[in-house]
1. Please arrange Glu154, Glu78 by accessible surface area, largest first, computed with a 1.4 Å probe and ligands excluded.
2. For Ser48, what is the net charge nearby, where nearby means another residue's Cβ is under 13 Å from its Cβ and Lys, Arg count +1, Asp, Glu -1?
3. Accessible surface of Val199 in the full protein assembly, 1.4 angstrom probe, to the nearest 10 Å²?
4. From the protein chains alone at 1.4 Å, what is the descending order of accessible area for Ile59, Ile103, Ile172, largest first?
5. Just add up the charged neighbours of Ser102: K/R +1, D/E -1, any other residue whose Cβ is under 12 Å from the Cβ of Ser102.
6. Report the local net charge at Ile11: Lys and Arg +1, Asp and Glu -1, summed over other residues whose C-beta lies under 15 Å from its C-beta.
7. At Asn49 and Asn62, where each label point lies 7 Å from the Cα along Cα→Cβ, what is the point-to-point distance in nanometres?
8. Once amide H atoms are built 1.01 Å from N in the peptide plane, which residues 5 or more positions from Met14, or in another chain, come under 5 Å H to H?
Amino acid sequence: AATRVNEDGLIETMGNNIPRLDYTDGGCPNFLLEPQRTNLIPYSSDFSNAAWVKQNVTITPNNYISPSGETTASTIFESNFFGNHFIYDTITSTPNVLYNFSIFVKKNNRRYIGIQGFYSSVRGNIAFYDLDNGTLVYTFSEGDGYGIYDAKIENYGNGWYRLSANFIAPDIEIYMGICLADNKWVTGTAYDNQYQGDVTKGVYIYGAQLEEGSYPTSYIPTNGSTVTRVGETCA
């Protein structure tokens with residue numbers, strides 16, 4: 001089983017051995033043929049699970065319509081504290097391997113958001129986005145070439161975007177997640193993302209995915225374990 005974007009613009013799960021006609025780009029569909037990939041995030045949309053570490057945020061699961069058309073998106077709001085406001089998951093990784101992290105987000109009063117990868121020995125790799133304009137604003141990397149590469153933002157309609165970026169893991173663990181942000185990031189001059197949280201500001205989130213490779217493939221849902229989508233061919 002695997003997902004596609006159907007003619008209504010919704011992420012839909014298809015059964016085994018059924019060709020995936022994908023409408024991501026609108027107009028006429030394309031056969032979606034992809035290599036084998038594994039989503040290493042065990043709880044791809046259950047952000048309330050303890051596997052996701054939370055700092056100065058509150059999570060409300062399954063309370064908003066996701067890109068699948070179901071009520072499976074979560075709300076993440078800032079807490080009323082000064083500091084960083086983020087969530088992350090700790091994933092076993094292979095050193096010096098290229099990974100791609102992606103997640104679906106939609107603005108809920110908080111305009112700026114970052115997707116971040118950090119490690120036990122290297123920190124500070126982040127791609128920072130503007131959800132009002134649907135643009136990548138700024139990327140920041142530090143430490144021995146283990147940075148962030150090829151950050152992208154894709155419009156999935158109805159205010160939803162898929163954010164993605166590549167990371168090279170230097171260690172056997174990689175910490176992947178998202179951080180809410182104020183406008184200090186816009187200038188590209190401040191790495192410090194600490195600010196006074198506003199409980200009325202947050203984003204909707206859905207469908208986190210970490211996979212080996214240089215680009216994000218179609219969403220692979222998980223619920224308690226990693227999931228592998230086998231590769232496809234057309235003969």
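The values are calculated or read from the model by the stated rules, or taken from the named source; none is laboratory data. In this text the structure is predicted, and so the values were computed from the model without any measurement. In this analysis, Cβ positions are derived from the backbone assuming ideal geometry, glycine residues included, and neighbour counts consider all displayed protein chains. For accessibility, only protein heavy atoms count, side chains too; no ligands or nucleic acids. Shrake-Rupley method; radii C 1.70, N 1.55, O 1.52, S 1.80 Å.
1. Highest to lowest solvent-accessible surface, that is Glu154, Glu78.
2. That works out to -1.
3. 90 Å²
4. These residues rank, largest area first, as Ile172, Ile59, Ile103.
5. 0
6. Surrounding charge for Ile11 is -3.
7. 1.3 nm
8. For Met14, whose amide H was placed from the backbone, the distant partners under 5 Å are Ala2, Thr3, Arg4.
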